[in-house]
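*Asks:* Can you keep this structure in mind? I'll have questions shortly.
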Amino acid sequence: MIEIKNVSKTYNGKKKVLKNISFKIEGDEIFAFIGHNGAGKTTMIKCIMGILDFEEGDILVDNKSIKEEPLECKRIMAYVADNPDLYENMKAIDFINFICDMYEVSEDIRRENTLKYAKMFEIEDKLNDDISSFSHGMKQKIALIAALAHNPKVLIMDEPFVGLDPKAVYDMKEIMRDMAKDGKTIFFSTHILDVAEKLCDRVAIIKDGTIVKVGKMKDIKGDESLEQVFLELGEK
């Protein structure tokens, strides 16, 4: 579903933050992207989403280039940032509807999905409240609902569990599993390695802008934990 082909990205023409990155993310799988702070995770995610340009290589989403056909790629994707930048002056339901309008989601589907996920995250009584009154965790839930409301084929998330309460974390993991069973692709970064180990089919580990490990979770960790593998790679 997503193919990253020899992607390199430089900031200010000097610092190379992604160095010839290549890997594939198949359909119907949950794929974890891990690395230290500053390793290049968020930059890579923003390149996949077409938010940041890159100098070398290409990124294909459903066999379409994010450079050449950005709207066609974005039409099937949803993105949740690590620190959701929502419109603070809007009510939660208005923001969700705004996102649904952009994806041309029908009234019936948006109503059904919004209610479904709002109930799951236990915030159905907060949908008419101003976003400015919400905590970080509440804003994260609204961002997730808005991303899920249009039934994306590809869900891209940067640290999606940060700020969520334990029940919401559990619910989000179940949503991700259900999406994968339905043939959809989930790609997310996280520092919560035990969650990634139990949840994901495959994983890529990035260090200083370079992919140092990529493959099936069971093959990458072997008899060790993902945390042990990650810490060992950090020492090299």
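*Asks:* I'm trying to understand the selection: among the residues of segment 115-137, which are in a helix (DSSP H, G or I) and closer than 24 Å to ARG177 by Cβ? Reasoning before the result, please.
*Replies:* Taking segment 115-137 and keeping what is in a helix (DSSP H, G or I), we get 115-120, 124-126, 131-133, 136-137.
If the condition is that a residue be in a helix (DSSP H, G or I) and closer than 24 Å to ARG177 by Cβ, then LEU115, LYS116, TYR117, ALA118, LYS119, MET120, GLU124, GLY137 are the ones that fit.
*Asks:* Here's a follow-up. Being within 11 Å of ILE211 (Cβ to Cβ) and open to solvent by less than 30 Å² (accessible area, probe 1.4 Å) is the filter here; which residues of segment 11-33 pass it? Spell out how you get there, then give the answer.
*Replies:* Initial filter on segment 11-33 (within 11 Å of ILE211 (Cβ to Cβ)): 18-23, 33.
Answer for segment 11-33, where residues must be within 11 Å of ILE211 (Cβ to Cβ) and open to solvent by less than 30 Å² (accessible area, probe 1.4 Å): LEU18, ILE21, PHE23, PHE33.
*Asks:* Check segment 80-97 and report whether any residue there is over 16 Å from the mean Cα position of the chain (by Cα), under 16 Å from ASN151 (Cα atoms), crowded, with 17+ Cβ neighbours inside 10 Å and modelled with pLDDT of 95 or more. It would help to see each step written out before you state the result.
*Replies:* Our first condition is that a residue be over 16 Å from the mean Cα position of the chain (by Cα); within segment 80-97, this holds for 86-97.
From what is left, the residues that are under 16 Å from ASN151 (Cα atoms) are 96-97.
Now narrow it down to the ones that are crowded, with 17+ Cβ neighbours inside 10 Å: 96-97.
Checking which are modelled with pLDDT of 95 or more leaves us with 96-97.
Scanning segment 80-97, I find at least one residue that is over 16 Å from the mean Cα position of the chain (by Cα), under 16 Å from ASN151 (Cα atoms), crowded, with 17+ Cβ neighbours inside 10 Å and modelled with pLDDT of 95 or more, so the answer is yes.
*Asks:* Tell me yes or no: at least one residue of segment 169-190 is open to solvent by 60 Å² or more (accessible area, probe 1.4 Å), farther than 20 Å from PRO152 by Cβ and touching a residue at least 40 places away in the same chain (Cβ under 8 Å).
*Replies:* Pass one, segment 169-190, residues open to solvent by 60 Å² or more (accessible area, probe 1.4 Å): 170, 174, 177-178, 181-182.
Going one step further and asking which of them are farther than 20 Å from PRO152 by Cβ, we end up with 170.
Filter again for touching a residue at least 40 places away in the same chain (Cβ under 8 Å), leaving none.
Within segment 169-190, none of the residues are open to solvent by 60 Å² or more (accessible area, probe 1.4 Å), farther than 20 Å from PRO152 by Cβ and touching a residue at least 40 places away in the same chain (Cβ under 8 Å).
*Asks:* Go through (1) open to solvent by less than 70 Å² (accessible area, probe 1.4 Å); (2) more than 30 Å from LEU193 (Cα to Cα); (3) in a loop (DSSP other than H, G, I, E, B) for PRO160 and report which single condition fails.
*Replies:* It fails just one condition, (2).
*Asks:* Could I ask something else about it? What residue, of GLU107, GLU122, GLU55, GLU69, is on the phi > 0 side of the Ramachandran plot and open to solvent by 40 Å² or more (accessible area, probe 1.4 Å)? Talk me through it step by step, then tell me what you get.
*Replies:* Working: GLU107 fails: on the phi > 0 side of the Ramachandran plot; GLU55 fails: on the phi > 0 side of the Ramachandran plot; GLU69 fails: on the phi > 0 side of the Ramachandran plot.
Of the residues listed, the single one that is on the phi > 0 side of the Ramachandran plot and open to solvent by 40 Å² or more (accessible area, probe 1.4 Å) is GLU122.
*Asks:* I need the full set of residues from segment 48-62 which are in contact with a helix residue (DSSP H, G or I) (Cβ under 8 Å, 6 or more places away or on another chain) and part of a strand (DSSP E or B), in order please.
*Replies:* Within segment 48-62, ILE59, VAL61 meet the criteria.
*Asks:* Residues to consider are VAL162, VAL195, VAL203; find the one that is under 21 Å from HIS36 (Cα atoms) and at pLDDT 95 or above. Spell out how you get there, then give the answer.
*Replies:* Numbers: VAL162 fails: at pLDDT 95 or above; VAL195 fails: at pLDDT 95 or above.
Going through VAL162, VAL195, VAL203 in turn, the sole match is VAL203.
*Asks:* Cβ-Cβ below 6 Å, separation at least six or inter-chain, first residue in segment 195-220 and at positive phi, second at pLDDT 95 or above and open to solvent by 50 Å² or more (accessible area, probe 1.4 Å): which pairs?
*Replies:* Hits for this filter: GLY209/LYS19.
*Asks:* Condition check: among the hydroxyl-bearing types (Ser, Thr, Tyr), more than 15 Å from the chain's Cα centre (by Cα) and open to solvent by less than 20 Å² (accessible area, probe 1.4 Å). Does SER8 satisfy that? Outline the logic, then answer.
*Replies:* Values: among the hydroxyl-bearing types (Ser, Thr, Tyr): yes; more than 15 Å from the chain's Cα centre (by Cα): yes; open to solvent by less than 20 Å² (accessible area, probe 1.4 Å): yes.
Yes.
*Asks:* Given the conditions (1) touching an Asp or Glu at 6+ places or on another chain (Cβ under 9 Å); (2) open to solvent by 60 Å² or more (accessible area, probe 1.4 Å), and given that ILE45 satisfies all but one, which numbered condition is not satisfied?
*Replies:* (2)
*Asks:* Next question, about the same structure. Restricting to segment 202-234, give me the number of residues that are crowded, with 16+ Cβ neighbours inside 10 Å and within 21 Å of MET179 (Cβ to Cβ).
*Replies:* Selection size over segment 202-234: 4.
*Asks:* How many of the residues in segment 1-47 are part of a strand (DSSP E or B), among the small types (Gly, Ala, Ser) and more than 17 Å from LYS64 (Cα to Cα)?
*Replies:* So the first thing to find is which residues in segment 1-47 are part of a strand (DSSP E or B), and the list is 2-11, 15-25, 30-34.
Next, only the ones that are among the small types (Gly, Ala, Ser) stay: 8, 22, 32.
Those left that are additionally more than 17 Å from LYS64 (Cα to Cα): 8, 32.
Of the residues in segment 1-47, 2 are part of a strand (DSSP E or B), among the small types (Gly, Ala, Ser) and more than 17 Å from LYS64 (Cα to Cα).
The values are calculated or read from the model by the stated rules, or taken from the named source; none is laboratory data. Everything numeric here is computed off the predicted structure, so don't read it as measured data. Reconstructed Cβ throughout: ideal geometry from the backbone, glycine too, with neighbour counts over all protein chains shown. Accessible surface is based on the protein model in full, side chains and every heavy atom, while ligands, DNA and RNA are left aside. Shrake-Rupley method; radii C 1.70, N 1.55, O 1.52, S 1.80 Å.
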